[in-house]
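Down below is the structure, laid out as structure tokens.
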Amino acid sequence: MSGARRVGGSGALRRCCAALAALLTAGALAAGCASPRNALGTRASECFKSIPVAWHAIHGQGRFGGVRFIGARALVRFLGRLTPPVGSLPREVLEARGGLCVVSFSGRFDASKVERGVPRGARGDRLAMVAVRASDERLLVTVLLTRSVGLTHDVA
């Protein structure tokens, strides 16, 4: 009888080992699928470190709208094409090289109550676009607009 128990015990051991191997294989496959990735599929992910800088620039007003990576020259061209165009950009923006992180917020904003706000004298605008230099997370400008311009990338 003891020989029969061993054979039965050995089968149970094999089934247990097979189940454990299947579980480990499934775990390894799942881990491979969960590897780190750029969730947005854009360069915007590198701009998430700019969000606190932008939040400070608007003094915690408004609601986060999105973030986008854009070239400095492309941003200047874009702002110049708006109607009316955004004028009086700081020289740092006009001379910037490389990429910028543009973080948007919706709410009510006055140029005098945000850091580096343009256009000067703007009051009650509904959108703040904060441009932060991607290389060193330095605030360049907070552009206030009356309406959304489709520049941001939603991350919510």
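The values are calculated or read from the model by the stated rules, or taken from the named source; none is laboratory data. As the structure is a prediction and not an experimental result, all values here were calculated from the model. For neighbour counting, all protein chains shown are included, and Cβ atoms are generated from backbone atoms with ideal geometry for every residue, glycine included.
Here is a check on your reading of the model: is VAL149 β-branched (Val, Ile, Thr), more than 21 Å from PHE48 (Cα to Cα) and either modelled with pLDDT under 85 or part of a loop (DSSP other than H, G, I, E, B) (or both)? No; evaluated as a whole, the condition is false for this residue. Among residues of the range 121-136 that are assigned by TED's automatic domain parsing to the domain that holds ASP110 and farther than 15 Å from SER106 by Cα, those with a Cβ under 9 angstrom from a residue that is part of a strand (DSSP E or B) and small (Gly, Ala, Ser), sequence gap 6+ or separate chain, pair up as ARG133/GLY99; ALA134/GLY99; SER135/GLY99. Scanning the range 31-69 for residues that are among the β-branched types (Val, Ile, Thr) and modelled with pLDDT of 90 or more turns up ILE51, VAL53, ILE58, VAL67.
For the range 100-121, the candidate set comprises residues that are charged (D, E, K, R) and over 19 Å from SER50 (Cβ atoms); within that set, the residue that is surrounded by the fewest Cβ atoms within 10 Å (Cβ to Cβ) is ARG120. Taking the stated definitions as given, is PHE78 closer than 20 Å to ARG138 by Cα and at pLDDT 80 or above? Taking the combined requirement at face value, the residue does not satisfy it. State yes or no: is ALA128 at pLDDT below 90, surrounded by 18 or more Cβ atoms within 10 Å (Cβ to Cβ) and not polar (S, T, N, Q)? No, not satisfied. Any residue at all in the range 84-99 that's at negative phi, in a helix (DSSP H, G or I) and loosely packed, with under 15 Cβ neighbours inside 10 Å? Yes. So, in the range 100-125, how many residues would count as being modelled with pLDDT under 90 and in a loop (DSSP other than H, G, I, E, B)? Of the residues in the range 100-125, 6 are modelled with pLDDT under 90 and in a loop (DSSP other than H, G, I, E, B).
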